[in-house]
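Structure first, then comments.
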Amino acid sequence: MLHIETIADLRSACDRARSDGRRVGLVPTMGFLHEGHRSLMRAARATCDFVVVTIFVNPLQFGAGEDLDRYPRDLTGDLAQCEQVGVAAVFAPSVAEMYPSGRPLTTVHVEGLTSDLCGAARPTHFDGVATVVTKLFAATGSCTAFFGRKDAQQLAVINRLVEDVNLPVQVVGCPIVREPDGLARSSRNAYLSLDQRRAALALSRALQAAASAAIAGERDPSALVDLVRGLVATEPTVALEYVEVRSAPELARVDVLDGEVLLAIAAKVGETRLIDNVTLTVRGAEVHADLGTTELRSEGVRQ
Ligand code: AMP
């Protein structure tokens, strides 16, 4: 497995792979890898023969007072996991390599999709994401890029970015990976105490209950929002930031559940901000709820 630290080396490794007739798969991450990330790597391996994982805690997507300085990092463990999954190359650049002149003067802003939901509490976040992802796409070149549906708004932003400026990238959204008790995997789960982790389960439980209500016939988005609010309120240490029902992938407000809709949630448990969602596909009386996949067992690597 190649361990690449410069943009020039990433570009030449990907050019070489393509000229050898290989398909390049890209999995952008901030590291401290877990089963959610590994599922993206495996999805990439299934269709691409040169898989690049990027590991970069991107300062641009953290706001003032957020957790940039204490974001968990473990490059040695991450490299071992990538090797184990059969990744061809890991690109783990320094901040100076990515932003040699400091804060870039050129940034990428995806209008409309970025100002509410998570963008309301994190007004500069998606500009940081769109900018770093554009830089990674530019360095990698033509590829298939894999992103988790856990970050549903991020996925919508990246899809729109690729469409708007015709980047040579095929974007694939992958299912949310949950721990056996339903908690969505996140590098930030490492911040949670045992009590907080137990309280955080209210989020996935509430989404599951709302999905069941939709399956039982509920079509009023505000009824689902109220149900989620009520269930999360049973855990006083969980502070809801938003619960929203939106159309997918446009993220527009909806009056009635129909077609593909996203029920998305963000909350703080102590200082830790968590997000989660369920996708509901409603066709008449039929409802399919996609909460992602639940791990059945531990894998002997970091949990
Ligand atoms: P991060 O390292 O948190 O920036 O995440 C890197 C990629 O992994 C993003 O595309 C995330 O959506 C994806 N990801 C993170 N957690 C999960 C999860 N539990 N299930 C699926 N994908 C995930």
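What follows draws every value from the coordinates through simple rules; no lab data is involved. Owing to the predicted nature of the structure, the values given are computational and were not obtained by experimental measurement. Reconstructed Cβ throughout: ideal geometry from the backbone, glycine too, with neighbour counts over all protein chains shown.
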> Shape call for the stretch 123-230 from the C-alpha gyration tensor, a ≥ b ≥ c root eigenvalues: rounded (a/c under 1.5), prolate (a/b greater than b/c) or oblate?
Replying inline: prolate
>> Connecting C-alpha atoms closer than 10 Å in a GNM of the chain, tell me which of Gly112, Gly65, Gly292 has the biggest fluctuation.
In response: Gly65
>> Could you compute the net charge surrounding Gly217? Neighbours are other residues with a C-beta less than 15 Å from the C-beta of Gly217; K and R count +1, D and E count -1.
In response: -2
> In a shell of Cβ-Cβ distance under 13 Å around Ser142, excluding Ser142 itself, what net charge do Lys and Arg (+1) and Asp and Glu (-1) give?
Replying inline: +3
> If the viscosity is 0.890 mPa s and the temperature 25 °C, what Stokes-Einstein diffusion coefficient in µm²/s follows for the stretch 2-174 when Rh is the Kirkwood radius over Cα pairs?
Replying inline: 151 µm²/s
> Regarding the chain, what is the average projected area of its C-alpha convex hull, in nm²?
Replying inline: 15.6 nm²
> Order of 10-17, 135-142 by packing, highest average Cβ count within 10 Å first?
Replying inline: 135-142, 10-17
> For Thr107 and Gln170 in the same chain, what is the full-extension length gain: residue separation times 0.36 nm, less their Cα-Cα distance, in nm?
Replying inline: 20.5 nm
>> To the nearest 20 Debye, how big is the dipole of the stretch 187-294 about its Cα centre, given +1 on the beta carbon of each Lys and Arg and -1 on that of each Asp and Glu?
In response: 360 debye
>> Antiparallel versus total DSSP beta bridges in the chain: what percent is that, nearest 5?
In response: 55 percent
> Looking only at Val261, Val177, Val287, which one moves most when the chain is put into a Gaussian network model with springs between Cα atoms under 10 Å?
Replying inline: Val287
> Which peptide among 26-33, 196-203 comes first, and what is the full order, when sorted by highest mean count of other Cβ atoms within 10 Å?
Replying inline: 26-33, 196-203
> Which number comes out as Rg/Rh for the stretch 15-67 once both Rg and the Kirkwood Rh are worked out on C-alpha atoms?
Replying inline: 1.12
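Rounded to whole Å and ordered largest first, report the semi-axes of the equivalent ellipsoid of the stretch 155-303 derived from its Cα gyration tensor (root of 5λ). Spell out each step's value before the answer.
Working: eigenvalues 123, 93, 46 Å².
Over the Cα atoms of the stretch 155-303, the semi-axes work out to 25, 22, 15 Å.
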> Which residue fluctuates the most in the chain, going by a Gaussian network model with Cα springs under 10 Å, if the choices are Asp69, Asp127, Asp78?
Replying inline: Asp69
> Suppose every K and R has +1 on its Cβ and every D and E has -1 on its Cβ; what is the size of the dipole of the stretch 2-174 about the Cα centre, in Debye to the nearest 20?
Replying inline: 360 debye
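Could you tell me the calculated FRET efficiency between Val95 and Arg22, based on Cβ-Cβ distance and R0 = 35 angstrom, to the nearest 0.05?
Working from the Cβ atoms, E equals 0.75.
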>> Compute the distance from the alpha-carbon center of the stretch 235-300 to that of the stretch 82-123, in whole Å.
In response: 23 Å
>> Between the stretch 1-80 and the stretch 124-156, what is the separation of their alpha carbon centroids in Å?
In response: 12 Å
